[in-house]
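One structure below.
The numbers here are math on the coordinates, done by the rules we state, and not lab data. All values derive from a computational prediction rather than experimental measurement. Here the Cβ positions follow ideal geometry from the backbone for every residue, glycine too, while neighbour counts run over all protein chains shown.
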Amino acid sequence: MSRPRTVVVTGAGSKRGIGRETALHLAQAGWSVAILDVDAPSARESAQDIAARAGGQTLGLGVDVTDPHSVEMGIARVESEMPPIEALVNIAGVTGKFSFLDITPAEWDRIFNVNVRGTYLVTQRVLPNLLKAGRGRIVNMSSVSAERGGGVFGGVHYSAAKAAIQGFTRALARELTSTGITVNAVAPGLIDTDITAGKLTPEMEQAVLASIGFHRLGTTQEVASVIAFLVSDEASYVTGATYDVNGGLHIH
């Protein structure tokens with residue numbers, strides 16, 4: 001990479017999450033990395049860990065992606081302390097497993113606020129930086145649940161929110177085609193993270209693995225490598241796409 005530039009990664013505080021692994025991959029590829037997470041100590045620890053392992057400039061900030069003021073303050077700090085922002089990876093998200101009749105309005109809003117509103121707010125605040133640079137990458141996090149109609153880990157509200165991310169991605173990609181900025185999504189299947197760890201009984205885990213073509217959970221590295229490709233210069237002609245990383249759990 002010939003010039004210093006920054007990628008913003010949301011939801012990268014968890015030690016065993018896709019976000020942190022993605023941030024590490026991008027730092028190893030030469031990006032300066034700004035980590036935004038609602039858990040401020042975890043964001044700072046993640047930034048320190050990545051800097052120690054990959055080198056380069058990192059910044060970890062506590063940001064609530066559902067709060068416009070928090071997003072504004074966080075991105076303003078990135079703009080003032082880091083190289084120019086040229087990429088954004090929206091990973092911050094939450095899930096919830098409820099049967100449809102048990103989903104309260106508050107629970108519905110919780111899922112949509114983080115997964116959809118958060119993606120919208122951060123993208124809208126970061127995009128002017130990419131337009132100013134005349135180049136850029138945006139990658140959003142969907143899920144196999146959006147494609148196969150749930151039945152994986154989250155409930156109806158989670159599947160609906162992640163389907164909204166795919167519509168958001170395609171529409172924004174179309175709007176930005178003349179700018180050289182690409183917008184894509186990644187739809188992971190069941191990945192070995194803290195979200196799934198310890199939450200499946202042996203019987204449930206056996207049934208889940210039997211439904212996956214590769215008969216195993218995916219790794220955070222396998223998802224992060226796809227995201228890193230979409231952020232790279234090599235993906236300059238890919239936009240409006242959703243990349244499935246699900247081991248054959250759903251093929252369409």
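Descriptive notes on the structure:
- Partner aspartates and glutamates for LYS162 [C-alpha distance under 17 Å; skip if fewer than 8 residues away on the same chain]: GLU107, ASP109, GLU147, ASP244
- Exposure proxy ranking, count of Cβ atoms within 10 Å, fewest first, for GLU86, GLU45: GLU45, GLU86
- Loop-located trypsin sites (Lys or Arg not before Pro) in the range 65-157 whose Cβ has at most 13 other Cβ within 10 Å (DSSP): LYS97
- Diffusion coefficient, µm² s⁻¹, Stokes-Einstein with Kirkwood Rh over alpha-carbon pairs of the range 56-109 at 4 °C and 1.567 mPa s: 93 µm²/s
- Ordered by the number of other Cβ atoms lying within 10 Å of each residue's own Cβ, fewest first, GLU72, GLU234, GLU21 fall into the sequence GLU234, GLU72, GLU21.
- Per-pair calculated FRET efficiency, R0 = 30 Å: LYS15 and SER99 via Cβ, rounded to 0.05: 0.45
- Largest GNM mean-square fluctuation across ILE91, ILE212, ILE18, computed for the chain with C-alpha springs under 10 Å, falls on ILE212.
- Across the range 8-151, counting alpha-carbon atoms alone, Rg and Dmax equal 15.5, 49 Å.
- Our analysis of the chain gives Rg over Rh at 0.95, with the two radii drawn from alpha carbon positions and Rh computed by the Kirkwood formula.
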